[in-house]
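Taking it in order: structure first as structure tokens, then the write-up.
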Amino acid sequence: MDLSKRKFKEDFKKMLTEVYSMDISESESTEQFFTLGNLLRSYSSKNWSRTNQQYIEKQKKQAYYFSMEFLLGRMLKSNLLNLGILDTVRNGLQDFGIDLEQLITIEPDPGLGNGGLGRLAACFIDSMATSEIPAHGNGIRFKYGLFKQKFVNGYQVELPENWLQNGNVWETRKMHAAVTVRFYGKVWLEQNAAGVLEPHYSDTQDVLAVPYDSAVIGYDNSTVNTLRLWSAEIPPKDDITDYWSYIHQRNQIESISEVLYPDDSNYEGRLLRLKQEYFFVSAGIQSILRHYKKMHLHMNHLAEKVAIHINDTHPALCVPELMRLLLDEEHMDWDHAWNVTVNVMSYTNHTIMSEALEKWPIDMIRSLLPRIDQIICEIDRRFTMKMSTLFESALVERTRIVEGGNVKMAHLAIIGSHSVNGVAQLHTTILKEKVLHDFFLIYPSKFNNKTNGIAQRRWLMLANEPLRDLIQRKIGNEWETTPTELNMLKAFRDDKDTLHELAQIKQLNKERFAEYIKQTMNLEINTDAIFDVQIKRLHAYKRQLLNLLHILSLYFKIKDDPQADIQPRVFIFGAKAAPSYTYAKQIIKLINSVADLINQDRELENKLKIVFVENYGVSLAEKIIPAADVSEQISLASKEASGTSNMKLMLNGAITLATLDGANVEIRDRVGDQNIMIFGLRENEVYQYYRDGSYHSRNYYERNPVLHRILDALIDGTIPGAEAEGHSIFDSLVQYGDEYFVLRDFDSYAAVQERIDHLYRDTLKWQRMALINIAGAGIFSSDYTVQQYASQIWDVSSKVHPL
Ligand code: 26W
């Protein structure tokens, strides 16, 4: 938008007076932040309503991205950037003596997600608006986001994250768009006068779903889409007979949108979670149908105007819920309703970890959602009947929805969708050949790949302004909307000045990060050291342990020979563990104890440090990633569906140290073997071990003296404070078979780490690798990913054409 500094300053002063009756000298950061937020709302409001109007007038097909999680991060700077007024506002505020960077910290970081899946949804809505795709987000307005993590004596402690405490400037409560969601009760079918079966309900518990809408502002265009998050409330009543039972009921209902479940890739069959899933699914679909009806088209044509995307299985109830509405409210017959439903729905799988696969006890569904239960059973009946004529019965048994007293949500999503995609090439291949092979036999054409992506606006333009400036000076700014243009940077691969500038920028970012660590953790870190970063959820398959064992090997090397020729390193960790995931929490404690041991040892001063940041999340990622030299992507091959921090770190010039897992494979294809550090078992080797059962981790302990010594350190008192954790982790690796092949991959990992040690000493060579990584990262922009979803899955329009 066009905005002069003079106009902005006027607007800002006026808004401050209107909202707070204050002038600038009296105001504090909080008032200034809310004023700026309100001003941005007013700047985008015209385009927001215009965008919606245009969608209606042109009868545009629209896509709705249903996701339990949207891990947005702070929105102030992102909105300023996308409106094109970041510099104007920064300068204008400066004239008032207000520092934008300080103001930004006033905004709470809404942690409405666990990790990769939630952050992906946030990158997607940014990219959809930027690519002018008519698509919106649909989710839950959790009162409490993912817990705040504290370390107490090295242990993770969880605290509530009350992000709404001071209100959320970006949202608008839309009371007129509220809908009712029904739980429990009895349902029966009766013929009406026209002879059609109609469902009747009694004794239901009704919940009012109230939407809160936020603007999703496109970058450098006039598209403003909507993120709609639902809040659960008690429906208004005018005859309250029992006050206390009313209060009790209200609390019970409000608990539905109270808190995000803190589990990542771990399914727990909690009733409240099932309520949450149905709640936002039912509210979202009802609201979509309401909107559709304004176009006065027949429900048979729904799939021509509406696409619904199921982000992992959490919203899989979309399938029976749309069926319910089409059958019961719109009186369609089963076959037409089913045809419409399958054409509307599409589904993304985000994990092959079997413990993540949702299956709900059918009895639980029957009592909570009686009508949905009937519809699921009917879908299952028709599926098994039809498939039995085409496939062997064992296959039909393995693929049916209701089995062993459980409803398998992935099966429901696959059967009810026209498209099923994985999130990286390798992941999709594993789905087709292994995890979902049975379904691939039945529905080969449903399967497709959409490799994940990241929003380069947040992860480069905002997080790393010095790098953005350098790129702009070298190749202009076409890449901002056509990210593969970053390729042009390759022309500078042998340009010493450019490489030196790159090195300087990295150094600056490292110093900034070091300063932050000094301030927040009172820890000094050597900025000449290699900053070696592993930031992601704590999970055994991601193998933070492998990293830690290697750190211990360096520790012994230096202790044995203080003159050892080792490049100084700072190992940076950021990770939350699910509160119920004991093993992951033990690993956190162990890392913290090793950090204490190493960080307090004067002999290791400036050579080795461990920084385990508390409460890792989007805002911390924005500080760490620009400062990273090495990106640790070391999951056991086949286990990480894609990974997305790998892409963010690459885009910021870190060198990837990786197994050939998830999107790492595609990163390697992009930059070539010389510019990435690959190690470890390949996916086929892992499966070979599974087949022949020939991995015996104890042999590695017994036969490898380096490993032997490191593992002994876990149990012989070398690491004070973590005796119990050390023993339990030792046992998991040596005694109980080392499920994720940590010991098997150790040598290969240590060997590439040593190569990194040497490579880093040649600054020009290192920066050349960094440059090639930055140049190759464009293809991993979520702009391309969503453009592919738009054209290949949703069949909705977009501005930029896919690759
Ligand atoms: C019901 C418990 C539960 C909770 C969350 C099961 C599964 C999940 C998510 C699917 C876990 C997740 O976030 N998966 C990650 O998704 C990212 C985005 O596609 C990928 O980059 C990561 O590799 C994958 O682990």
Based on alpha-carbon centroids, what's the gap between segment 298-334 and segment 41-94 in Å, whole number please?
28
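What's the magnitude of the charge dipole for the chain around its Cα centre, counting Lys and Arg as +1 and Asp and Glu as -1 at the beta-carbon? Answer in Debye, nearest 20. Before the final figure, lay out the partial values.
Numbers: 89 positive and 104 negative charges, 266 e Å.
For the chain, the charge dipole is close to 1280 debye.
Counting other Cβ atoms within 10 Å, which trypsin sites (Lys or Arg not before Pro) in segment 239-344 have at most 16 and lie in a DSSP loop?
Values: sites: R250, R270, R273, K275, R290, K293, K294, K305, R324; in loops: R270, K294.
Within segment 239-344, the qualifying trypsin sites (Lys or Arg not before Pro) (loop, at most 16 other Cβ atoms within 10 Å) are R270, K294.
Fewest to most neighbouring Cβ within 10 Å: what's the order for S553, S25, S265? Show your work: numbers first, answer last.
Details: S553 18, S25 7, S265 25.
Placing the least packed residue first, the sequence is S25, S553, S265.
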Name the long-range amide H neighbours of V306: under 5 Å, sequence gap of 5 or more, or other chain; modelled H, no Pro or chain starts.
Q62
Give the calculated FRET efficiency between Q504 and D712 to the nearest 0.05, with a Förster radius of 60 Å applied to their Cβ-Cβ distance.
0.90
Förster-model FRET efficiency, 60 Å R0, E198 and T105, C-beta, rounded to 0.05
0.60
The alpha-carbon center of segment 560-630 and that of segment 376-431 are separated, in whole Å, by 43
Dividing the Cα radius of gyration by the Kirkwood radius, what Rg/Rh value follows for the chain?
0.97
Which whole-number percent is the relative contact order of segment 1-126 (Cα, under 8 Å, 6+ apart)?
34
Quick one: order D333, D380 by neighbouring beta-carbon count within 10 Å, fewest to most.
D333, D380
Report the gain in length on full extension from K14 to E304: 0.36 nm times residue separation, minus Cα-Cα distance, nm rounded to one decimal.
99.8 nm
Order these by the 10 Å Cβ neighbour count, fewest first: V594, V19, V152, V613.
V152, V19, V613, V594
Taking the dipole about the Cα centre of segment 478-601, with the C-beta of Lys and Arg at +1 and of Asp and Glu at -1, give me whichever of H539, T498, L554 is farthest to the positive side.
H539
Out of all DSSP beta bridges in the chain, what portion is antiparallel? Express it as a percent rounded to 5.
45
Once you sort the root eigenvalues of the Cα gyration tensor of segment 419-565 as a ≥ b ≥ c, which label holds: rounded (a/c under 1.5), prolate (a/b larger than b/c) or oblate (the other case)?
oblate
Only helical DSSP H runs with n ≥ 4 go in: add -39500 (n - 2.57) per run for the chain, normalise by residue count and round the 222 nm mean residue ellipticity to 500 deg cm²/dmol.
-13500 deg cm²/dmol
Which of the chymotrypsin sites (Phe, Trp or Tyr not before Pro) found in segment 707-746 are in a DSSP loop and have at most 16 neighbouring Cβ atoms, other than their own, within 10 Å?
Y736
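Using the Cα gyration tensor of segment 1-103, with a ≥ b ≥ c the square roots of its eigenvalues, what is the shape: rounded (a/c below 1.5), prolate (a/b larger than b/c) or oblate (neither)?
Numbers: a/c = 2.27, a/b = 1.81, b/c = 1.26.
Prolate.
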Could you work out how far helix 243-254 tilts from the main Cα principal axis of the chain, as a 0 to 90 degree angle to the nearest 10?
60
Normalising by the residue count of the chain, find the relative contact order in percent from Cα pairs under 8 Å and 6+ residues apart.
13
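Mind checking the full-extension length gain between E268 and D561? Use 0.36 nm per residue of separation minus the Cα-Cα distance, one decimal, nm.
Taking E268 through D561 to full extension adds about 100.6 nm, to one decimal.
Would you mind checking the pairs K386/K450; K58/K237; K359/K576; K450/K490 and listing those with alpha carbons more than 32 angstrom apart? Walk me through the intermediate numbers first.
Working: K386/K450 30 Å; K58/K237 40 Å; K359/K576 25 Å; K450/K490 26 Å.
Pairs exceeding 32 Å: K58/K237.
Where in segment 1-107 are there trypsin sites (Lys or Arg not before Pro) that are in a DSSP coil and have at most 10 other Cβ atoms within 10 angstrom of their Cβ?
Values: sites: K5, R6, K7, K9, K13, K14, R41, K46, R50, K58, K60, K61, R74, K77, R90; in loops: K58, K60, K61, R74.
Filter output for segment 1-107: K58.
Under 1.5 on a/c is rounded, so check that first for segment 685-803, then, if it is not, pick prolate when a/b is larger than b/c and oblate when it is not; a ≥ b ≥ c are the square roots of the alpha carbon gyration tensor eigenvalues. Don't jump to the answer; show the numbers that get you there.
Working: a/c = 2.74, a/b = 1.77, b/c = 1.55.
Verdict is prolate for segment 685-803.
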Full-stretch length increase - Q59, D494 - with 0.36 nm per residue and alpha-carbon distance subtracted
151.4 nm
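Quick note: the coordinates plus some simple rules give every number you see, no bench work behind them. What you see is a predicted model, and the numbers here were worked out from it, not measured in a lab. As a convention, Cβ positions derive from the backbone with ideal geometry for all residues, glycine included, and neighbour counts pool all protein chains shown.
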